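Step one of this worksheet: look at the structure below.
Please treat every number below as a calculation from the coordinates, not as lab data. Source: prediction; values computed, not measured. In this analysis, Cβ positions are derived from the backbone assuming ideal geometry, glycine residues included, and neighbour counts consider all displayed protein chains.
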Ligand SMILES: Nc1nc2c(ncn2[C@@H]2O[C@H](COP(=O)(O)OP(=O)(O)OP(=O)(O)O)[C@@H](O)[C@H]2O)c(=O)[nH]1
């Protein structure tokens, strides 16, 4: 992970002791038409101009043409039109399916980026215009998580500033950004794009001054009252939402820029740097904590499963029973008990006689020779050592996350042997 301390140490020439600096991943998300692709194009040329070319990834399978050179393009491996035909899907379903197919290869993608990571400082990713296809899909989460676990990752939420100038659309956009922030748990930068058309000062003011937002809302209500009905409900909803979102604003960096003119891109890169620091200070620790917790939970579950399996097989109980009865000097109830009791001598004679009769009639007995104590002890010890071996193997398999069909077959065989 990128770290400010390693950077300082690098400057001091102690680089050999330090891990290689990882590039930062910038994932561009935003509503359809907010200007993600144009923003990517400008960011790409801006970084090139600074002799700091980025690694570029396009994750929009439905885009006709991409106005920048891509290092990885989802369209090279997935044919969106074919996905639509093959799976009989509509446009959005096909985007989700294409992303699903791409997500199955994400480890290879990360491998590729990692391999080249010494050559660039930024990896920039464009996402589909249908924001929900990426943000709310499992594959979107997998892809984001995969990058975030390997590189410092920042979400750039692109906003169409002129289209956000009404309090209602502003709050809708903020709610969306808020939900993405809490879903991905990644550092986020709000990018007010298209400032060549409308400056983003109004939005920044609304975010920092609740009263000014209220004023704008009141003005909007008066205007709406003249033009539409039912705006009272909308206004009160927007009002409540603005209160809820106050805390969310404090966690964000905002930048205004124009993908057309290139204004604000230096500020954007500065914001990225500060978010990387935040990522290292807060998110890395948080992620480590979550991963640790998940591992502990998995370990607990595995142990519980092992206990359940053993008790389903009747092994643990029998062992415990055996221990208990040995302590009290009582008869041991083991699998070979059918032949170990002395009190059944008479019964044994009867059974013996029956077997002889049956054999004389030509029947075959597929039972253990219940008369022979030594054979039974041998059988019991065989079963006991098989049990131990299987327990050991199960524990090892559980520890290694092994999925071994032969092992499963062994367990089945053993259950049949002991319970059949
Ligand atoms: N004036 C102005 N227009 C812009 C700017 N950025 C993008 N646009 C225009 O906004 C429209 C949408 O831009 P795109 O870059 O295609 O937006 P997008 O978010 O990638 O679109 P989808 O991926 O289809 O959702 C285009 O007509 C762009 O020319 C900007 O900074 N200023």
Problem set entry | residue 147, sole failed condition from (1) touching a strand residue (DSSP E or B) at 6+ places or on another chain (Cβ under 6 Å); (2) outside any helix (DSSP H, G or I) | (2)
Exercise. Going through the stretch 156-188 one residue at a time, which ones are away from the ligand (no atom under 16 Å from the Cβ) and outside any helix (DSSP H, G or I)?
Worked result: 166, 185, 186, 187, 188
Seminar exercise, completed: Note on the stretch 259-307: residues touching a helix residue (DSSP H, G or I) at 6+ places or on another chain (Cβ under 8 Å), on the phi < 0 side of the Ramachandran plot and not in a helix (DSSP H, G or I) are 259, 260
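Checking the condition more than 18 Å from residue 213 (Cα to Cα) and in contact (Cβ under 8 Å) with a residue 24 or more places away in the chain, which residue from 249, 279 passes?
None of the others qualify; the one that does is 279.
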Exercise. Using beta carbons and a limit of 7 Å, which pairs, at least six apart or on different chains, have the first residue in the stretch 191-204 and closer than 17 Å to residue 167 by Cα and the second one outside any strand (DSSP E or B) and more than 10 Å from the ligand (Cβ to nearest atom)?
Worked result: 192/200; 192/203; 198/165; 202/165; 203/164; 203/170
Seminar exercise, completed: How many residues of the stretch 249-272 are within 19 Å of residue 50 (Cα to Cα), loosely packed, with under 13 Cβ neighbours inside 10 Å and more than 16 Å from the ligand (Cβ to nearest atom)? The answer is 1
Seminar exercise, completed: Of those in the stretch 110-131 that are within 12 Å of the ligand (Cβ to nearest atom) and either free of Cβ contacts under 8 Å to residues at least 40 places away in the same chain or not in a loop (DSSP other than H, G, I, E, B) (or both), the residue farthest from residue 66 (Cα to Cα) is 131
